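Here the structure is laid out as structure tokens; the discussion comes afterwards.
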Amino acid sequence: MSLVIFIKMRVIIKPINISYRKLLLDDVETLVEIEKLNNRQTWSSAHFSSSIVDKNTLSIGLVAERRLIGYALALIVPESADLLNIGIQPNYKRQGYGEVLLNYLLVQLKKANVRALILEVGVENHIAINFYQKLGFEVFGIREKYYSNREDAKIMKLHIPY
């Protein structure tokens, strides 16, 4: 004899009311806060500042509920870009914000005639690796002892279709 239990569930859709904007030097304090909440090894204020003012860096802020909740920075070189840093406020994780931010970044890169986005991610960061693979990134190399804690990094690449 077996017992089967059915649970009736309702799908709840939370509307995502977001906007994007260029990052500003005034955002650096917030970026550092988000970075510290997400990573053991963090970028400094100076690192964020220099990236924001670099004319070759595409810097995007993700705004929800009138506050900066995420960021993405990509260094553009001819026909490709390197994802320098990306982060989402922890309270907003696993709600689709990271994916919409990365997709918006890809649209902007495509407009700039970028054909590929490359990134490095720690080999032990399985959540991030799965996230990037879900979006179509493929591993194409390893950088040994890439991080200051001597952890290796997977090099991942996404071809941006034209």
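Tell me, please, whether a residue that is of a type in the set (Ser, Thr, Tyr) and free of Cβ contacts under 8 Å to residues at least 40 places away in the same chain can be found in segment 92-103. Within segment 92-103, one or more residues are of a type in the set (Ser, Thr, Tyr) and free of Cβ contacts under 8 Å to residues at least 40 places away in the same chain.
Looking at segment 96-106, is at least one residue surrounded by 12 or more Cβ atoms within 10 Å (Cβ to Cβ), more than 19 Å from Gln133 (Cβ to Cβ) and among the small types (Gly, Ala, Ser)? For segment 96-106, residues surrounded by 12 or more Cβ atoms within 10 Å (Cβ to Cβ), more than 19 Å from Gln133 (Cβ to Cβ) and among the small types (Gly, Ala, Ser): absent. The residue that is farthest from Tyr20 (Cα to Cα), among those in segment 117-152 that are among the aliphatic types (A, V, I, L, M) and over 15 Å from the mean Cα position of the chain (by Cα), is Ile142.
Conditions (1) surrounded by fewer than 17 Cβ atoms within 10 Å (Cβ to Cβ); (2) closer than 23 Å to Phe140 by Cα; (3) among the basic types (Lys, Arg), marked per residue:
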{"residue": "Gly70", "(1), (2), (3)": "no, no, no"}
{"residue": "Ala81", "(1), (2), (3)": "no, yes, no"}
{"residue": "Arg94", "(1), (2), (3)": "yes, no, yes"}
{"residue": "Leu109", "(1), (2), (3)": "no, yes, no"}
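For the structure I just gave you, tell me whether Ser51 is farther than 24 Å from Ser80 by Cβ and among the small types (Gly, Ala, Ser). It would help to see each step written out before you state the result.
Values: farther than 24 Å from Ser80 by Cβ: no; among the small types (Gly, Ala, Ser): yes.
Spelling it out, it is not the case that Ser51 is farther than 24 Å from Ser80 by Cβ and among the small types (Gly, Ala, Ser).
Can you tell me which residues in segment 110-128 are over 19 Å from Tyr146 (Cα atoms) and not in a strand (DSSP E or B)? Spell out how you get there, then give the answer.
Taking segment 110-128 first, the residues over 19 Å from Tyr146 (Cα atoms) are 110-116.
Answer for segment 110-128, where residues must be over 19 Å from Tyr146 (Cα atoms) and not in a strand (DSSP E or B): Lys110, Lys111, Ala112, Asn113, Val114, Arg115.
Residues in segment 13-23 that are among the aliphatic types (A, V, I, L, M) and surrounded by 12 or more Cβ atoms within 10 Å (Cβ to Cβ) were compared, and the one that is nearest to Gly87 (Cα to Cα) is Leu23. Among the numbered conditions (1) in contact with a helix residue (DSSP H, G or I) (Cβ under 8 Å, 6 or more places away or on another chain); (2) closer than 24 Å to Leu25 by Cβ, the only one that Val121 does not meet is (2). A residue that is of a type in the set (A, V, I, L, M, F, W, C), assigned to a helix (DSSP H, G or I) and touching a residue at least 24 places away in the same chain (Cβ under 8 Å) occurs nowhere in segment 64-75.
Can you name every residue in segment 42-85 that is β-branched (Val, Ile, Thr), under 12 Å from Leu24 (Cα atoms) and under 18 Å from the mean Cα position of the chain (by Cα)?
Within segment 42-85, the first condition is being β-branched (Val, Ile, Thr), and the residues that meet it are 42, 52-53, 57, 60, 63, 69, 76-77.
In the following step, the residues that additionally are under 12 Å from Leu24 (Cα atoms) were identified as 52-53, 60.
Those that are β-branched (Val, Ile, Thr), under 12 Å from Leu24 (Cα atoms) and under 18 Å from the mean Cα position of the chain (by Cα): Ile52, Ile60.
Among residues of segment 35-56 that are at negative phi and surrounded by fewer than 17 Cβ atoms within 10 Å (Cβ to Cβ), those with a Cβ under 6 angstrom from a residue that is in a loop (DSSP other than H, G, I, E, B) and not aromatic (Phe, Trp, Tyr), sequence gap 6+ or separate chain, pair up as Lys36/Thr42; Gln41/Ser148.
Here, each number is a calculation from the coordinates, and none is a lab measurement. Treat the numbers as computed from the prediction; the structure is a model and nothing was measured. For neighbour counting, all protein chains shown are included, and Cβ atoms are generated from backbone atoms with ideal geometry for every residue, glycine included.
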